[in-house]
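Below: the structure, in structure tokens.
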Amino acid sequence: MSAPSVVITGAAAGIGRSTALLFARHGYRVGAFDIDTAGLASLAEEGASITAGRIVTGALDVTDTAAWTRVLEEFCTDGRLDVLVNNAGLLSSGPFEEIPVSRHRRIVEVNVTGVLLGCHAAFPYLRDTPGAQIVNMCSASALYGQPELATYSATKFAVRGLTEALELEWARHDIKVQAMWPLFVDTNMVDGMDIGSRRSLGVNLGADDVARAVFDATRPTRRSGRVHRPVGRQATVLATLAQVSPGWMNRLVNRRLTGH
């Protein structure tokens, strides 16, 4: 039997890099894609020492439809794909009006359009692979709109909605679609971030923590009806409270956490 395959975006650093290395150590053939070619070269060098699996790297702008088509044709040479991890994302923090419109647009393009294009381009390969899965990187910021992370939070609400819709729509194709919900993760995305929610909650997750959660969520024994998977104790508590609390209580909790 051939090795199972996984495609991971935003794989040059942070969560994506840790996820690529973890899947490779478990015998997967990994397609690791990013626009950071220097980071990918470093990942390929590190991955060369892994004997269980293999890491194939390549440049990919997730907002480019043609680029998605190209990398999947080159990687999925047998027409199959076991797992797609839509991890690539951008974040800017601070007052909404002080962030340039061009940056707001780019965050939406990468975080929303990139996930949409990835799912669309990968569908034929996932459909033709028994038990295929998609893992979309969401965020606890999709529980309630987050001040000083307004556009990032909005994009994660969009990823949440897309995940829920495709989980229902693609069940007939035996494609499992789910979303990971971490809070702040110790990667370069939070470097220099000074906002109320980060001060209140701290940074209690590392990239390896999220990578393990992604890998565990894709195990065959985990193919349940669960769509959303909080990562870490804080996200689990907040997600549980959001499900049972009235709207005014969720708003109050978020005001207190964010200082607004």
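The values are calculated or read from the model by the stated rules, or taken from the named source; none is laboratory data. If you're wondering where the values come from, they're calculated on a predicted model, not measured in any experiment. Please note that ligands, DNA and RNA were not included when accessible areas were found on the heavy atoms of the full protein model with its side chains. Shrake-Rupley method; radii C 1.70, N 1.55, O 1.52, S 1.80 Å.
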### Message
With an 8 Å Cα cut-off and a minimum separation of 6 or more residues, compute the relative contact order for the chain in percent.
### Response
17
### Message
In Å², and per residue, what accessible area does the stretch 121-225 have when probed at 1.4 Å with the other protein chains present?
### Response
41
### Task
Have a look at Asp191, Asp174, Asp82 and tell me which one the Gaussian network model of the chain (Cα, springs below 10 Å) gives the largest fluctuation.
Asp191
### Task
Give the distance, in whole Å, between the Cα centre of the stretch 87-109 and the Cα centre of the stretch 184-260.
20
### Within the accessible area of the chain (1.4 Å probe), percent carbon and sulfur
53
### Task
On a C-alpha basis, how far is the centre of the stretch 115-172 from the centre of the stretch 1-67 in Å? Whole number, if you could?
20
